[in-house]
Amino acid sequence: MSEFLQQLLNGLSLGAIYALIALGYTMVYGVLRFINFAHSDVFMVGAFIGYYLGKLVPEGTLWGGMLVLSGAMIGCALLGMFIERVVYRPLRHGPTLNVLITAIGVSLLLEYTGQIVFGAAPRTFPQIFPTANYHVGSLTISSNQLFVIGVAILLMIALQLIVFKTKIGTAMRAVSLNPKAAQLVGVNNNVVISFTFGLGSALAAAGGILYAMNYPSIDPLMGVMPGLKAFVAAILGGIGNIPGAALGGLLLGTVETFIGGSQFSTYKDAIAFAILIVILLFKPAGLLGKFTIEKV
Amino acid sequence: MPRPHLYLLATLACAFGLSHFSGRMDPYFLDVLTGVGINIILAVSLNLVNGYTGQFSLGHAGFMSVGAYMAAAVSVFLGPRLLGESGGTALQQGSLFLAALITGGCAAALAGLAVGVPSLRLKGDYLALVTLGFGEIIRVIFQNFEPLGGALGLNGIPAYTTIFWVLAFVGLAVFVVTCLVNSTYGRGFLATHDDEIASEAVGLNTTRYKIVAFVIGAFFAGTAGGLYGHFKMTITPTGFDFTKSIEIVVMVILGGMGNTLGVILAAILLTLLPELLRPIAEYRMIIYSLMLIVLMLARPQGLFNFKFGKAKL
């Protein structure tokens, strides 16, 4: 039983990170209907910004950690908006496949530029937040795990407030429903899409730092697998659906951790894709998504 | 004789000629040429799925790995028993290799059928992701399958791949795809690409067309994998991850979807480019990705697609 709880806790903290990345995918898909393959590399850049900022502040202090976290989020938000402005905007009305290929190009560019700038060797991520281990019964809870879950929940609540309670959030939902109609009633689509990219990238940066804290080694290709799995999580919950992305992330992280702890641990990487295939075949709209009928 | 048949004969003759003189040629040149040929087979076969039929598969490397492993298994495990200690004559080796390649191709085609039947009900981005997922699952299975080397890969594959085999299969792949698409039956692929709903309305079984395209594409990917394995003499599961699939997709898109000649040119260009950029090896992937972005912004219809005035997808 205690082992079960321990694994559940590990799974939830991994799932919270997947959820944060998945939110970025889902939001961009919501407004632009395309898979932003470069998102997983924005996640990597976030972790590296955290690494360099982490050297500037004293280790293991709360304010220092917060500073690093917000610095990385702002940096990645700017990066995301820059990518959107320079690369995706000229292609916005082009065929979907071209945008997809361009996104792959941006992803490769970030990865290989990262290998030159940051170096290809893995690095140890500094302990930017104070750490402690708590023992509850036979359970070991690290402060990092609590922190990951806490930050993820806070950010998701903040996101929910932005999307449903603010003017720009209303505009985001309008663009996602019908971009042309939104433009007709006076929404500036460019600003909204730019904002969406910024928000999604900031969440990816937060995810990157939380991931790096729990798996304290970072390298320029670290984003590839978590990125793919987070996308699976976004589909699992229903793409374009914000609570769905959170649910999908948590579910996927938990399932993966349990598989990782069982005798099938070497198949851990395949499980996400198996889930993806099953969900797409039997419930293509995802767990929380709405099914829409295609019209001619 | 129709034109494609003449081209096929010309390629085969060319292959014979080249292999006759290959002993005197620069080995580096031959290596590059073999790599180019394998990539052409991959790109042309993916073009049948992604270009002509308009589906978006991101799992081509998965089928390539199935073919590579099965072909290698035939020549590594069956070869010594059939050919004996001496290794057999050149003719025996050649027929064994042909059998291995066909086994690899058929195994890949079977995998294509198994993947295609459930996933081709999906469209666009979703299909891309499911094929990507299948590709990754195939990789993980090979990583865990100890009889074929597991994560360490399979070593000691005999070096059967010669320039003759590569060019012959290039000719065959181009021939089959061209003839298929230009046949009466093959118009169904183009119709599925242009408008699926309209094709169904006039009575085409679009799902069937998609699966046929997928299976044929997978078959040639499998033979390309077999050629690759017997060329490198060692294969690892990580060599066929989704970066490889993307590499092939990029060739198809740069060449212009549904344009075999363009795709061949793109495959040649994209295989030679890393070789040419070797002096600045550190930066070559950066240049490659920048080129990809710039080309998509500047020539969205593909680099070598001159037929259409605007992008036709």
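The number of residues in region A:1-28 that are at pLDDT below 85 and within 14 Å of chain B (Cβ to nearest Cβ) comes to 0. In this structure, B:Ala151 does satisfy being hydrophobic (A, V, I, L, M, F, W, C) and open to solvent by 30 Å² or more (accessible area, probe 1.4 Å). Exactly one residue out of A:Lys167, A:Lys268 is out of contact with any helix residue (DSSP H, G or I) (no Cβ under 8 Å at 6 or more places or on another chain), of a type in the set (D, E, K, R) and more than 30 Å from A:Tyr52 (Cβ to Cβ): that is A:Lys167.
Look at region A:259-271: where a residue is more than 9 Å from chain B (Cβ to nearest Cβ) and touching a residue at least 24 places away in the same chain (Cβ under 8 Å) and a partner is surrounded by 14 or more Cβ atoms within 10 Å (Cβ to Cβ) and in a helix (DSSP H, G or I), sitting 6+ places away or on another chain with Cβ atoms under 8 Å, you get A:Gly261/A:Gln7. Filtering region B:192-223 to residues that are open to solvent by 50 Å² or more (accessible area, probe 1.4 Å), among the β-branched types (Val, Ile, Thr) and in a helix (DSSP H, G or I) leaves B:Ile197, B:Thr207. Within region A:98-120, restricting attention to residues that are farther than 13 Å from B:Leu292 by Cβ and of a type in the set (A, V, I, L, M, F, W, C), the residue that is farthest from the other protein chains (Cβ to nearest Cβ) is A:Phe118.
Only residues in region A:60-72 that are at pLDDT below 85 count as the first member; pair them with residues that are of a type in the set (Val, Ile, Thr), Cβ under 7 angstrom, at least 6 apart or cross-chain, and list the lot. That search, which allows pairs on different chains as well, returns A:Gly60/A:Thr131.
Sort through A:Leu276, A:Leu288, A:Leu250 and tell me the only one that's within 13 Å of chain B (Cβ to nearest Cβ) and either modelled with pLDDT under 85 or part of a helix (DSSP H, G or I) (or both).
Working: A:Leu288 fails: within 13 Å of chain B (Cβ to nearest Cβ); A:Leu250 fails: within 13 Å of chain B (Cβ to nearest Cβ).
Checking each option against the conditions leaves just A:Leu276.
Residue-level check: of (1) in contact with a Phe, Trp or Tyr (Cβ under 9 Å, 6 or more places away or on another chain); (2) within 14 Å of chain A (Cβ to nearest Cβ); (3) open to solvent by less than 20 Å² (accessible area, probe 1.4 Å), B:Phe189 misses just (2). Of all residues in region B:70-105, those satisfying the criterion of being open to solvent by less than 20 Å² (accessible area, probe 1.4 Å) and under 15 Å from the mean Cα position of the chain (by Cα) are B:Ala71, B:Leu101, B:Gly104, B:Gly105.
Condition check for B:Leu269 on (1) open to solvent by 50 Å² or more (accessible area, probe 1.4 Å); (2) within 12 Å of chain A (Cβ to nearest Cβ); (3) touching a helix residue (DSSP H, G or I) at 6+ places or on another chain (Cβ under 9 Å): one failure, at (2).
Can you pull out every residue in region B:85-137 that is of a type in the set (Asp, Glu) and within 14 Å of chain A (Cβ to nearest Cβ)?
Within region B:85-137, B:Asp125, B:Glu136 qualify.
For region A:127-149: of the residues being of a type outside the set (Phe, Trp, Tyr) and within 21 Å of the chain's Cα centre (by Cα), which is farthest from the other protein chains (Cβ to nearest Cβ)?
A:Leu146
For region B:236-258, which positions are outside any helix (DSSP H, G or I) and either surrounded by 24 or more Cβ atoms within 10 Å (Cβ to Cβ) or within 12 Å of another protein chain (Cβ to nearest Cβ) (or both)? Give the steps one after another, and end with the answer.
Residues of region B:236-258 outside any helix (DSSP H, G or I): B:236, B:241, B:256-258.
Once the filter is applied, which keeps residues that are outside any helix (DSSP H, G or I) and either surrounded by 24 or more Cβ atoms within 10 Å (Cβ to Cβ) or within 12 Å of another protein chain (Cβ to nearest Cβ) (or both), region B:236-258 yields B:Asp241, B:Gly256, B:Met257, B:Gly258.
Which of the residues belonging to region A:150-162 are surrounded by 14 or more Cβ atoms within 10 Å (Cβ to Cβ) and under 14 Å from the mean Cα position of the chain (by Cα)? Matches in region A:150-162: A:Val151, A:Ala152, A:Leu155, A:Met156, A:Leu159. Does B:Phe304 satisfy being part of a loop (DSSP other than H, G, I, E, B), touching a residue at least 12 places away in the same chain (Cβ under 8 Å) and away from chain A (no Cβ under 12 Å)? It is true that B:Phe304 is part of a loop (DSSP other than H, G, I, E, B), touching a residue at least 12 places away in the same chain (Cβ under 8 Å) and away from chain A (no Cβ under 12 Å).
The residue that is farthest from the chain's Cα centre (by Cα), among those in region A:81-105 that are open to solvent by 40 Å² or more (accessible area, probe 1.4 Å) and hydrophobic (A, V, I, L, M, F, W, C), is A:Val86. For region A:41-59, indicate whether the set of residues that are touching a Ser or Thr at 6+ places or on another chain (Cβ under 9 Å), in a helix (DSSP H, G or I) and within 14 Å of another protein chain (Cβ to nearest Cβ) is non-empty. The answer is yes; a qualifying residue exists. Checking each residue in region B:138-163 for being within 14 Å of another protein chain (Cβ to nearest Cβ) and among the hydrophobic types (A, V, I, L, M, F, W, C) picks out B:Ile138, B:Val140, B:Ile141, B:Phe142, B:Phe145, B:Ala151, B:Leu152. Under the condition of being buried (at least 17 other Cβ atoms within 10 Å of the Cβ), out of contact with any Asp or Glu (no Cβ under 9 Å at 6 or more places or on another chain) and aliphatic (A, V, I, L, M), the residues counted in region B:1-42 number 9. Which one is surrounded by the most Cβ atoms within 10 Å (Cβ to Cβ), of the residues in region B:224-235 that are out of contact with any strand residue (DSSP E or B) (no Cβ under 7 Å at 6 or more places or on another chain) and assigned to a helix (DSSP H, G or I)? So the residue we want is B:Gly226. Within region B:175-186, the set of residues being in a helix (DSSP H, G or I) and either open to solvent by less than 30 Å² (accessible area, probe 1.4 Å) or hydrophobic (A, V, I, L, M, F, W, C) (or both) comprises B:Phe175, B:Val176, B:Val177, B:Cys179, B:Leu180, B:Val181.
The values are calculated or read from the model by the stated rules, or taken from the named source; none is laboratory data. The structure presented is a predicted model; accordingly, all values stated were derived computationally and were not measured. All Cβ positions, even for glycine, are placed from backbone atoms using ideal geometry, and neighbour counts span all protein chains on display. Just so you know, the surface numbers come from the protein's heavy atoms only, side chains and all, with ligands and any DNA or RNA stripped out. Shrake-Rupley method; radii C 1.70, N 1.55, O 1.52, S 1.80 Å.
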